[in-house]
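Below: one structure, written as C-alpha cells.
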Amino acid sequence: MKMSTQFTVSVQMLLLIMVFKDQKMTSEMLSESTGGNPVMIRQLFGKLKDADILRISTGKGATELAKDPADISLWDVYMAVEGYCASELFKFHPKISGGCQIGRFFKEILSVHLDDAVQAMAEKMSKVSLAQLSEEWEMCQRTEQD
C-alpha cells in the first residue's frame, strides 16, 4: 500500500515542536530534520492549523501545539493531513468489467473488508497520542545514553 509521507513528516514535526517548545521552529529547520522540503512543511503547518492541532503566531514566529499532547492522537494527525477515505487507501481499477462474473460484484464484496481494515487502523491510531510518542522518544534517549 502506497501512502504519502505527509502523515509521518507531520508527526515528526509535531514531536520536534513539542520537545523544543522553547525554540522558534522554522519551516527550514523542520525541513532539514524531516527531509521534507520547506514548501511541504508550510503546507502541513496550514493543514495542522486548520485542524486545531497547531497554533501559529505569525508576528512572533512562534509555533506551538493548540492542545495538550495527550489529546492529539495519530489518527487526528492523519485526518488533518491525509483525510479519511478508504477508496484513497485502496484503489480499484476504474475499468473493471461489469460483464465479468467476478468483476460485476468485486467492488461490493471487497469494499466492506477494506473499510473494516481502515476502521481498525483508525481505532489503533486513535489510541496513540503525541504524549505517548514523546515518552517513547525519551525512553530511547535514556537507553542510548546508558
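Structure summary
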| read-out | value |
| --- | --- |
| Segment 103-128 residues that are in contact (Cβ under 8 Å) with a residue 24 or more places away in the chain, paired with ones that are aliphatic (A, V, I, L, M) and surrounded by 11 or more Cβ atoms within 10 Å (Cβ to Cβ) (beta carbon under 7 Å, 6 or more apart) | Leu114/Ala86; Asp115/Ala86; Val118/Ala86; Val118/Leu89; Met125/Leu74; Val128/Leu74 |
| Tally, over segment 40-55, of residues that are part of a strand (DSSP E or B) and open to solvent by 70 Å² or more (accessible area, probe 1.4 Å) | 1 |
| Pick from segment 8-39, criterion surrounded by fewer than 18 Cβ atoms within 10 Å (Cβ to Cβ) and in contact with an Asp or Glu (Cβ under 8 Å, 6 or more places away or on another chain), ranking: nearest to Ser126 (Cα to Cα) | Lys21 |
| Selected residue (criterion: nearest to the chain's Cα centre (by Cα)) from residues of segment 56-65 that are without any contact (Cβ under 8 Å) to a residue 40 or more places away in the chain and open to solvent by 30 Å² or more (accessible area, probe 1.4 Å) | Ile56 |
| Residue check for Val81: out of contact with any helix residue (DSSP H, G or I) (no Cβ under 9 Å at 6 or more places or on another chain) and not hydroxyl-bearing (Ser, Thr, Tyr) | no |
| Given (1) charged (D, E, K, R); (2) without any contact (Cβ under 8 Å) to a residue 60 or more places away in the chain; (3) open to solvent by less than 100 Å² (accessible area, probe 1.4 Å), index of the condition Lys91 fails | (3) |
| Segment 94-146, residues that are among the β-branched types (Val, Ile, Thr) and closer than 27 Å to Ile53 by Cβ | Val118, Val128 |
| Candidate set from segment 101-146 (those that are open to solvent by 70 Å² or more (accessible area, probe 1.4 Å) and outside any helix (DSSP H, G or I)); member that is farthest from Ser10 (Cα to Cα) | Gln101 |
| Test result for Gly98, touching a helix residue (DSSP H, G or I) at 6+ places or on another chain (Cβ under 7 Å) and either at pLDDT 90 or above or part of a loop (DSSP other than H, G, I, E, B) (or both) | yes |
| Residue in segment 88-110 that is within 16 Å of the chain's Cα centre (by Cα) and of a type in the set (A, V, I, L, M, F, W, C) present | yes |
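The values are calculated or read from the model by the stated rules, or taken from the named source; none is laboratory data. The shown structure was predicted, so the numbers you read here are calculated from the model rather than taken from an experiment. FYI the Cβ positions are ideal-geometry reconstructions off the backbone, even for glycines, and counts take in every protein chain you see. Side chains are part of the model used for accessible areas, which takes the heavy atoms of the whole protein and leaves out ligands, DNA and RNA. Shrake-Rupley method; radii C 1.70, N 1.55, O 1.52, S 1.80 Å.
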